[in-house]
1. Just the residues that are at negative phi and of a type outside the set (Val, Ile, Thr), please, taken from the range 371-388.
2. Of Ile175, Ile158, Ile154, Ile150, which residue is more than 22 Å from Leu33 (Cα to Cα) and among the hydrophobic types (A, V, I, L, M, F, W, C)?
3. Considering only the range 246-254, I want to know if a residue exists there that is open to solvent by less than 40 Å² (accessible area, probe 1.4 Å), out of contact with any Pro (no Cβ under 8 Å at 6 or more places or on another chain) and β-branched (Val, Ile, Thr).
4. When you scan the range 91-102, do you find a residue that is open to solvent by 70 Å² or more (accessible area, probe 1.4 Å), of a type outside the set (Val, Ile, Thr), touching a residue at least 40 places away in the same chain (Cβ under 8 Å) and over 17 Å from Pro148 (Cβ atoms), even just one?
5. Is it true that some residue in the range 409-417 is part of a loop (DSSP other than H, G, I, E, B) and at pLDDT 85 or above?
6. Which is among the hydrophobic types (A, V, I, L, M, F, W, C) and farther than 20 Å from Gly27 by Cα, of Ile96, Ile135, Ile104?
7. Quick check: anything in the range 469-478 of a type outside the set (Gly, Ala, Ser), modelled with pLDDT under 80 and surrounded by fewer than 19 Cβ atoms within 10 Å (Cβ to Cβ)?
8. Kindly indicate whether Ala374 is open to solvent by less than 10 Å² (accessible area, probe 1.4 Å), touching a residue at least 24 places away in the same chain (Cβ under 8 Å) and not β-branched (Val, Ile, Thr).
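The values are calculated or read from the model by the stated rules, or taken from the named source; none is laboratory data. The model shown is predicted, which means the values in this text are computed figures rather than measured ones. Positions of Cβ are generated from backbone atoms using ideal geometry, with glycine treated the same way; all protein chains shown enter the neighbour counts. Keep in mind that these areas ignore ligands, DNA and RNA; they rest on the heavy atoms of the full protein, side chains included. Shrake-Rupley method; radii C 1.70, N 1.55, O 1.52, S 1.80 Å.
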Amino acid sequence: MNKKAKKDKVVWEAIKTTWVRSKPYRGKMLFVLIMASLQSILFPILQYVFSLIVTSLTTNTNTYLYLLVLWVFLQVTRSVVAKYRRLGNMGLGEEISQSYKFNIVKHLLNLPLNFHKNEKRGEVSDIVERAKLGIRQVNNNLFLNTLPEIFGVITTLIIAATIKPIFLIIFLVSIIIYSYTIFSLNKNAATMQRASRAQYKIANGYTEDVLSNIRSVKDFGREDLSANRMYKLYIEDGLPLWKKLWALRQNSIFIQEMILLTSRSLCLGLSIWLLLKGEINIGEIIAINYFTLRIFDPFSQLAEIWKEVENGAIALEDAENLIKEKPERETDKGLKNKIVKGDIKFNKVSFGYSDDQMILKSISFVANAGEKIAIVGESGVGKSTLIELILGYYDTYDGEISIDSHELGKLNLKHLRESVALVNQESILFNDTIRNNLLYAKENASDEELQEAATKAHITQFIEGLPSKWDTVVGERGVKLSVGQKQRVSIARAILKNPRILVLDEPTSALDAGTEKVITDMLEKEMVGRTTIVIAHRLSTVRNADKIIVMKAGEIVETGKHSDLLLIENGEYRRLYELQIGLHE
């Protein structure tokens, strides 16, 4: 498909998308469409009946009383139709747009972790919000507003033809020229709109990134640097594209106004000439000249409507591209075996984001139920990636991973992840209360269970010292709490989940020495009876592990207990240990 065909297809694809995504609301849409069409059809009929009343009065006929009754009846009917149109349309656009937004966000939740790692959150949020507005623009402007007006135009053309066929010809030719002008002059608008939209998406993404990391901005004193870059993205790069698009549309509107003026002038002059010749009466000249003012209204609005529709079309195109992203394998499918033991087995597992970027290379190990396994190594050797594989975040790997003797790829993801609790080095909390942050692990937990988890994680004292206690809102990503407090809330959440497999990624890295000792002792008790995997840089914290797996450059280079690994001459574990205790400079 060539670029022009693709460009011309954008709006039509948006219309198709709107129709498909609005399926649950088509009954309401059809009702509103019928009411709006009746309202539009009745309007020219009312004007024509009024012209007949004037004709009756000027020709001294007695039909004006009957026509007046008919006019009142039609006015009442139109008012009733308008009422039901408003009732039917009440909240319809909001329902459709919010439903579409919900479905996009729901799809985003089901996309693989790798998608969220690669995409900027601000840009994705911008797409979602614009799509919500876009589907409403297409639905309201085309389906519920423009289409009904077309029926009014058709009724007007029929009445004009009964008065004098020449008026029908003038109207038709003017409408064709006018419509052609809209599409021909705006043929580059979709491409320009897409370019402007892409630039503002980048700008919005950067802004979201800056605001999300405002602490770093202030720590480095980079307010001016960030503001300057936003100025460049919005004003220097984005605004010229928008101005160029605006100029194109203003030229288009001016030409369209000239076409309308020519058509109206022609109809006015012709109707006066025909009146003077006695070929039409005063009522008909009133009707025709009123029609010249009204018949082009839908088309004069179409330029502005088309701009909004194009905006919506580009937003819908971006959103549909998101929806086309392949989701994670469905969480409600697969073997619904509860993980009751927690046996984990890796057999020659290799994984990489691409063929030339291998992260893990032929990884093999066994973690028996109830064992404490430590994974150590320098940063970037693949420790966290290995954990992500256990959680089923990636399906495309070589080798075999099994849990409780079940192949990982066949397990139900929901059941799998409900059986695993992860405490990250960077604790991520929701902008919600402390209570709700903990309940995210177990939504039906009792107050006693919450209190027990908090006590074990040593957060009860600081919670009780807060003004709102358990109902304290922690802020975006837990910004209102200290790093250590966030870490302990995260640990409490993992305890509350009561998992079969516990994964600890440097869980005490943000704690002071005293608190670390208390939390470590507590975690040792929580590890009993669970399969525990600990990622650690401080090797002093893994001395008691049943098995220590040493990784280097994506491979397992050593496996054993702390005491045994220290005996290996020139061993990697021994090298790391001696670096930490200061034997190497």
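1. Initial filter on the range 371-388 (at negative phi): 371-376, 378-379, 381, 383-388.
Scanning the range 371-388 gives Glu371, Lys372, Ala374, Glu378, Ser379, Lys383, Ser384, Leu386, Glu388.
2. Working: Ile158 fails: more than 22 Å from Leu33 (Cα to Cα); Ile154 fails: more than 22 Å from Leu33 (Cα to Cα); Ile150 fails: more than 22 Å from Leu33 (Cα to Cα).
Of the residues listed, the single one that is more than 22 Å from Leu33 (Cα to Cα) and among the hydrophobic types (A, V, I, L, M, F, W, C) is Ile175.
3. The answer is no; no qualifying residue exists.
4. As a first pass, look at the range 91-102 and keep what is open to solvent by 70 Å² or more (accessible area, probe 1.4 Å): 94, 98, 102.
Restricting the remaining residues to those that are of a type outside the set (Val, Ile, Thr) gives 94, 98, 102.
If we keep only those that are touching a residue at least 40 places away in the same chain (Cβ under 8 Å) too, we end up with 94.
Those left that are additionally over 17 Å from Pro148 (Cβ atoms): 94.
Looking through the range 91-102, at least one residue is open to solvent by 70 Å² or more (accessible area, probe 1.4 Å), of a type outside the set (Val, Ile, Thr), touching a residue at least 40 places away in the same chain (Cβ under 8 Å) and over 17 Å from Pro148 (Cβ atoms).
5. To start, the set of residues in the range 409-417 that are part of a loop (DSSP other than H, G, I, E, B) comprises 412.
From what's left, at pLDDT 85 or above: none.
No, there is no match, as no residue in the range 409-417 is part of a loop (DSSP other than H, G, I, E, B) and at pLDDT 85 or above.
6. Numbers: Ile96 fails: farther than 20 Å from Gly27 by Cα; Ile135 fails: farther than 20 Å from Gly27 by Cα.
Going through Ile96, Ile135, Ile104 in turn, the sole match is Ile104.
7. Of the residues in the range 469-478, the ones of a type outside the set (Gly, Ala, Ser) are 469-474, 476-477.
Filter again for modelled with pLDDT under 80, leaving 476-477.
In the following step, the residues that additionally are surrounded by fewer than 19 Cβ atoms within 10 Å (Cβ to Cβ) were identified as 476-477.
Checked the range 469-478: at least one residue is of a type outside the set (Gly, Ala, Ser), modelled with pLDDT under 80 and surrounded by fewer than 19 Cβ atoms within 10 Å (Cβ to Cβ).
8. On the way: open to solvent by less than 10 Å² (accessible area, probe 1.4 Å): yes; touching a residue at least 24 places away in the same chain (Cβ under 8 Å): yes; not β-branched (Val, Ile, Thr): yes.
Here the answer is yes, as Ala374 does meet what is asked.
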